[in-house]
Amino acid sequence: MDKLVEKINKLIVRIAKGDTYALDELFVITGRMLLFMARKYLYNKSYAEDLVSETYLKVVKSADSFDKKQNGLNWLYKIVKNGALNHNLKERNFTEPIPENVADKDYASEWLDTILVENAVSTLSDEEKDLIYLRYWEGYGIQEIADKLGKPLSTTHDMLKRTCKKLKQYLNTEK
């Protein structure tokens, strides 16, 4: 097992025993990774930060049921991914309202990027949307997608390349 995973597993076991310093150490080691992952699934930085905080709360609550033979990093990633997917399902709306404080350039930029991506995806066929969803949202490999769609690997690969090129062209013309 990887040294990082071993360290994370030991920290989770210590958290289960009530060691608050272990939680701090776990946050230092994994905080940026989890935030990066949350940002992949959520379009809003604040939601992503909240999700990471909730993840550590869940770790504290369920650390005693953690099997130290598991991969602790994967366990943390699953908590983040499931939390993000649940958030997106609950919201049923992937756009953010226009920011009240347009001077907040980071927020305004995120909002505009989200709108551009949504518009680009809306131009795709249902099959193309499925490809993008399976590859970049669910993280499936090309072979897994081909199996799910019942298509040959080369066909699936070519379809995905064409779809990505189509999205790229749309986004380049919109900027």
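Computed values, structure above
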read-out: Evaluation of Lys45 against (1) within 20 Å of Asp67 (Cα to Cα); (2) in contact (Cβ under 8 Å) with a residue 40 or more places away in the chain (one fails), failing number; value: (1)
read-out: Residues that are among the hydrophobic types (A, V, I, L, M, F, W, C) and either loosely packed, with under 12 Cβ neighbours inside 10 Å or within 14 Å of Ser125 (Cβ to Cβ) (or both), drawn from segment 145-163; value: Leu149, Met159, Leu160
read-out: Ile115 being β-branched (Val, Ile, Thr) and modelled with pLDDT of 80 or more; value: no
read-out: Neighbours by Cβ (under 6 Å, 6+ apart or cross-chain): first from segment 6-30, touching a residue at least 24 places away in the same chain (Cβ under 8 Å); second aromatic (Phe, Trp, Tyr) and surrounded by 15 or more Cβ atoms within 10 Å (Cβ to Cβ); value: Ile12/Phe66
read-out: Pairs where the first residue, in segment 152-168, is of a type in the set (A, V, I, L, M) and the second is in a helix (DSSP H, G or I), C-beta under 7 Å, 6+ apart; value: Leu153/Ile142; Leu153/Gln143; Leu153/Ala146; Met159/Leu131; Leu160/Leu131; Leu160/Arg135; Leu160/Ile142; Leu167/Ala120
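Quick grid of which residues meet (1) modelled with pLDDT under 90; (2) farther than 27 Å from Ile132 by Cα:
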| position | (1), (2) |
| --- | --- |
| Leu4 | yes, yes |
| Ile15 | no, yes |
| Leu23 | no, yes |
| Ile29 | yes, yes |
| Tyr47 | yes, no |
| Lys68 | yes, yes |
| Asn71 | yes, yes |
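So that you can scan it fast, the table gives a plain yes or no per residue for (1) at pLDDT below 90; (2) under 18 Å from the mean Cα position of the chain (by Cα); (3) acidic (Asp, Glu):
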position: Lys10; (1), (2), (3): no, no, no
position: Met37; (1), (2), (3): yes, yes, no
position: Lys40; (1), (2), (3): yes, yes, no
position: Tyr43; (1), (2), (3): yes, yes, no
position: Tyr56; (1), (2), (3): no, yes, no
position: Ser62; (1), (2), (3): no, no, no
position: Lys81; (1), (2), (3): yes, yes, no
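The values are calculated or read from the model by the stated rules, or taken from the named source; none is laboratory data. Keep in mind that this is a model prediction, so the values were computed, not measured. Cβ: placed from backbone, ideal geometry, glycine included. Neighbour counts: every protein chain shown.
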